[in-house]
2 protein chains.
Amino acid sequence: MSRQTVSNVLNFPDRVATATRDRVLAAIARLGYRPDLRARNLAARRAGLLGYCLGDDGTGGAMGSFLRGLTRATEESGRHLLLFTAAPGLDGMGVYADLIAQRAVDAFVLADVVHGDPRHAWLAARGIPFASFGRTSLLGAEQPGPWVDVDGAEACARLVSGLRALGHARIAFLGWAGASGAIRERGRGCRSRCAELGLPEVVAVEAAANTIGAGECAVRLLLARPEPPTAVVAASDVLAVGALRAASAVRSELAVTGFDDSPLADAVSPALTSVRQPMGEIAEVLLALLSEPRQDRGVLLPGAIVSRASAPIPV
Amino acid sequence: MSRQTVSNVLNFPDRVATATRDRVLAAIARLGYRPDLRARNLAARRAGLLGYCLGDDGTGGAMGSFLRGLTRATEESGRHLLLFTAAPGLDGMGVYADLIAQRAVDAFVLADVVHGDPRHAWLAARGIPFASFGRTSLLGAEQPGPWVDVDGAEACARLVSGLRALGHARIAFLGWAGASGAIRERGRGCRSRCAELGLPEVVAVEAAANTIGAGECAVRLLLARPEPPTAVVAASDVLAVGALRAASAVRSELAVTGFDDSPLADAVSPALTSVRQPMGEIAEVLLALLSEPRQDRGVLLPGAIVSRASAPIPV
């Protein structure tokens, strides 16, 4: 077993025959050999680390589940995750540039994507590899670089069908100002399914921000209308908790659904029907996209409806 | 300006006179010089990374706030955080050993500490540097290595005084089976303040686990007793949400306090009085302890009571 063969197995496993690879790995396990990762990565001109910018998690804790999935998927790819913080928008790009220039990371995973997020175009223009959880713009617009997202339009259409099965006809969609394209897509899914089912046009309202208080304000105004909705499809669990609070304040029997299936969904009373994003699978697809030569590929995954007391949809 | 001086400024800033350091840093900024971090760290025989094992966050999202604080504090110390996952207990120590042997990290920050956690003794025995957010054992027992914790006993004593001011006399403490020493301390704080105030002995109950459902079960049993408590001090927000649910099921006007000030606290109705742990400060002290030569130092920080409708304590 030559030193070069061992090196190839560790650094370029695809160049080595399967039988050889198995033999080398068995020997490594037997000897308890631990390569010096830093020296090895320096020789291979790579950091062995992916950069991930930690956001403020306005989802009520759902991004914690994504981070766990991403940490595991990165480990399974033989690398680790390096955490950093950066200012939002273009102001923060210096941090990304430094991490690449210092060879601290090989690529980035982007999340917490906002409408018109400049990071994708900025990184793509400089040839810096990345993959994005989330889309920057409304469907149809081009987005640089590979991305994964959950098909919120389709999940919200299924929520509307479920609410219809519970007898609801006047359904409102609750989004927030400045939300990303993927979140606006959730409203489009509601509208088109309502039209298909011959229901009245969905009232779409925008809360001032993705917070419980802003959601409560928006739904209080909604419930004061002459013909208020009997169900609200909210674009996030946080807004849905605000909607429940508004309904409880005016003793309305409003059905409410959320999105994210965060720790909040199970903690509030009534517990919240929500859409679970498959965070583990999203992370695995992001890692797969990072290792692909083909760029600009998008993957849309289905969300799973988790039915609870706030809108006991049959699933 | 010699090459050695520049190198000293970057790698051993304490060895260089302030004026020289300022001059070199200004020149670096002017030239837009970015050192190759990997080569630089390899020469200095360090990774420039701290390892942090991502837990399952049973706190309802409060650990997200600690992770943000830790990421920022690590950046301010000129390093970054490397995330990893490992099995609980001794089974996971191979991952820690590998990260050190491969020189992927220089030290560890431990959190999610459980009762009898073996990691501290294991790392200390091998001379691997670490600092711990949390204590492994009841007060008085020795714990290897430096640690930071929040003084839960003192915070819970203040909660008891606040509940007394609201007219409560029969106060129960709700913990969970297998909780860490720091969490048992919270119960001790309740008991001793009740004794000081001449209140009846605190009923201490243990939920089967730190979950909403287990908290609800435990408090339902508590409320079915002949002389039920009128207030519950819960060892976590998650348990407190369960206590609120149990009280609502039997239409009891139970006052409830939580611990962690997680996103749940503001989302449930009534909103939860809780204890905020100063996560940013905890992270900064952990980083300071890691750079100190003196080992086995413990730092106890005060928690802040955040008063809400579930127990509107005057603060």
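The values are calculated or read from the model by the stated rules, or taken from the named source; none is laboratory data. Remember, it's a predicted structure, so these values are computed and weren't measured experimentally. Here the Cβ is made from the backbone with ideal geometry for all residues, glycine too, and neighbour counts use every protein chain on show. Quick note on the areas: whole protein, heavy atoms, side chains included, nothing else; ligands and nucleic acids left out. Shrake-Rupley method; radii C 1.70, N 1.55, O 1.52, S 1.80 Å.
Angle, helix A:62-76 long axis vs. longest principal axis of chain A, Cα atoms, 0 to 90°, nearest 10? Once rounded, one gets 20 degrees. Helical runs assigned H by DSSP (4 residues or longer) give chain A a calculated mean residue ellipticity at 222 nm of -13000 deg cm²/dmol, each run adding -39500 (n - 2.57) before division by the residue total. When only alpha carbons are used to place a centre, the range A:44-98 and the range B:85-119 end up 21 Å from one another. Element breakdown for the range B:244-315 at a 1.4 angstrom probe: carbon and sulfur atoms account for 49% of the accessible area.
Close amide H pairs (under 5 Å, H built 1.01 Å from N) link residue B:306 with B:274, B:275, B:276, residues at least 5 positions away or on another chain. Contact residues in the range B:239-267 (at least 20 Å² less accessible area with all protein chains than alone, 1.4 Å probe): B:245, B:263, B:264, B:266, B:267. In chain A, the DSSP beta bridges split such that about 10 percent are antiparallel, to the nearest 5. Between the helical axis of A:237-249 and the longest alpha-carbon principal axis of chain A there is an angle of about 20 degrees. In this structure, the amide hydrogen of residue B:256, modeled 1.01 Å from its nitrogen in the peptide plane, lies closer than 5 angstrom to those of B:232, B:311, counting only residues at least 5 positions away or on a different chain. Answer rounded, prolate or oblate for the range A:65-138, using the Cα gyration tensor with square roots of eigenvalues a ≥ b ≥ c: rounded when a/c is under 1.5, else prolate when a/b is larger than b/c, else oblate. In terms of gyration-tensor shape, oblate. Can you give me the % of accessible surface on the range B:146-228 that is carbon or sulfur? Probe 1.4 Å, all protein chains present, nothing else counted. It is 54 percent, rounded to a whole number.
Ligands, DNA and RNA are left out, and with a 1.4 angstrom probe the accessible area of chain B is 43 Å² per residue. Residues of the range B:182-226 that bury at least 10 Å² of accessible area when the other protein chains are present, relative to the chain alone (probe 1.4 Å, heavy atoms, ligands and nucleic acids excluded): B:212. Only sites in a loop by DSSP and with at most 15 other Cβ atoms within 10 Å count here; which trypsin sites (Lys or Arg not before Pro) in the range B:57-140 make the cut? Those satisfying the criteria are B:126. Heavy-atom accessible area buried between chains B and A is around 3700 Å² (1.4 Å probe, both sides summed). The three principal axes of the Cα atoms in the range A:51-177 give end-to-end lengths of 59, 30, 23 Å, sorted in falling order.
Neighbouring Cβ atoms from other chains, within 10 Å of the Cβ of residues in B:49-56, number 3 on average.
Note on chain B: Cα-only Rg and Dmax are 23.1, 82 Å. Mean per-residue shielding of peptide B:268-276 is 2, counting Cβ atoms of other chains within 10 Å of each Cβ. Once both axes come from the Cα atoms, what is the angle between helix A:212-223 and the longest principal axis of chain A, in degrees from 0 to 90, rounded to 10? Around 30 degrees separate the two axes. For the range A:135-243, the convex hull spanned by the alpha carbon atoms encloses 98 Å³ per residue. Along its principal axes, the protein assembly as shown has C-alpha extents of 73, 67, 57 angstrom, given from the largest down. In chain B, the sites counted are GluC sites (Glu not before Pro) in DSSP loop states with at most 11 other Cβ atoms within 10 Å, and the longest stretch holding none of them, exclusive of the sites, is B:1-141.
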